[in-house]
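Right, one structure below, let's go through it.
The values are calculated or read from the model by the stated rules, or taken from the named source; none is laboratory data. Computed from a prediction, not measured in an experiment: that's the story for all the values here. So basically every Cβ, Gly included, is an ideal-geometry build from the backbone, and we count neighbours across all protein chains shown. To get the accessible areas, we keep the full protein, side chains included, count just its heavy atoms, and leave off ligands, DNA and RNA. Shrake-Rupley method; radii C 1.70, N 1.55, O 1.52, S 1.80 Å.
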Amino acid sequence: MQPTEDALVFIVDDDAGVREALAWLLRSRRLPSQSFESADAFAEFLDAGSSPWQPTQPGCLLLDVRMPGMSGLALFEQLIERQLLDALPVIFLTGHADVPTAVDSVKRGAFDFCEKPFSDNALVDRIEQALARSAQTLQSLRSKQNLQHNLADLTERERDVMDLVVEGLPNKLIADQLDISVRTVEVHRARVFDKMNVKSAVELANLLRGE
């Protein structure tokens with residue numbers, strides 16, 4: 001699987017040796033990473049700036065379960081609350097004793113867990129799959145944001161015409177219902193198609209169905 005070029009893997013582990021080994025492994029696979037020595041440090045990263053952090057590039061989080069201070073599980077709960085798990089999939093790094101806890105976390109939305117010592121190839125495979133999910137999620141979010149922006153750009157009359165076009169009404173019936181001329185309907189219809197970046201009523205209906 002070819003990773004997205006602008007992807008970023010976050011590493012959160014209190015063991016410097018583990019962080020360095022993971023960063024080296026990722027570099028060898030051309031995957032950039034950013035490391036944090038604690039869950040608290042990553043939580044501060046999420047809260048830095050004037051507004052809550054939101055992912056703008058595909059990413060995933062390699063998260064140790066047990067750490068001094070805030071645990072990996074506590075950080076995981078914060079990510080759930082922020083609804084970040086789809087855009088930033090979590091792969092837990094666990095010791096043998098933590099496997100049942102990690103399995104439970106997967107049921108609650110974690111992408112996967114890897115038991116230490118882990119297979120480099122297996123871990124990178126799962127990271128790339130997590131990055132693919134993140135990229136898909138971000139693309140879907142951008143599409144929805146673009147749709148909302150385009151809808152907001154419509155005038156009230158264009159919105160009225162659009163609703164009737166989507167219902168499948170011909171221009172004559174739309175004109176009758178809105179008490180306007182057929183020519184005016186044609187003008188509004190053309191503007192709706194242009195603003196919504198579609199070429200047909202079917203394409204418009206499919207676009208709105210995914211709103």
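Could you go through the range 148-159 and let me know if any residue there is outside any helix (DSSP H, G or I) and either open to solvent by 70 Å² or more (accessible area, probe 1.4 Å) or in contact with a helix residue (DSSP H, G or I) (Cβ under 7 Å, 6 or more places away or on another chain) (or both). Yes, because at least one residue in the range 148-159 is outside any helix (DSSP H, G or I) and either open to solvent by 70 Å² or more (accessible area, probe 1.4 Å) or in contact with a helix residue (DSSP H, G or I) (Cβ under 7 Å, 6 or more places away or on another chain) (or both). Taken over the range 104-115, residues that are touching a strand residue (DSSP E or B) at 6+ places or on another chain (Cβ under 7 Å) and not in a helix (DSSP H, G or I) amount to 6. When residues in the range 79-97 are screened for being free of Cβ contacts under 8 Å to residues at least 40 places away in the same chain and open to solvent by 10 Å² or more (accessible area, probe 1.4 Å), 8 of them pass. What number of residues within the range 167-204 satisfy the criterion of being open to solvent by less than 90 Å² (accessible area, probe 1.4 Å) and assigned to a loop (DSSP other than H, G, I, E, B)? Residues flagged as open to solvent by less than 90 Å² (accessible area, probe 1.4 Å) and assigned to a loop (DSSP other than H, G, I, E, B) within the range 167-204 amount to 7.
Could you tell me which of the residues Leu46, Leu61 is surrounded by 14 or more Cβ atoms within 10 Å (Cβ to Cβ) and at pLDDT below 95? Steps first, please.
Working: Leu61 fails: at pLDDT below 95.
Being surrounded by 14 or more Cβ atoms within 10 Å (Cβ to Cβ) and at pLDDT below 95 holds for just one of Leu46, Leu61, which is Leu46.
Name the one entry in Thr137, Thr101 that is β-branched (Val, Ile, Thr) and within 21 Å of Leu8 (Cβ to Cβ).
Working: Thr101 fails: within 21 Å of Leu8 (Cβ to Cβ).
One residue alone meets the criteria, Thr137.
Keeping to the range 116-136, report how many residues are open to solvent by 30 Å² or more (accessible area, probe 1.4 Å) and in a helix (DSSP H, G or I). Before the answer, list the steps.
First, the residues of the range 116-136 that are open to solvent by 30 Å² or more (accessible area, probe 1.4 Å): 116-122, 125-126, 129, 132-133, 136.
Filter once more, keeping what is in a helix (DSSP H, G or I): 120-122, 125-126, 129, 132-133, 136.
Adding up the residues that qualify gives 9.
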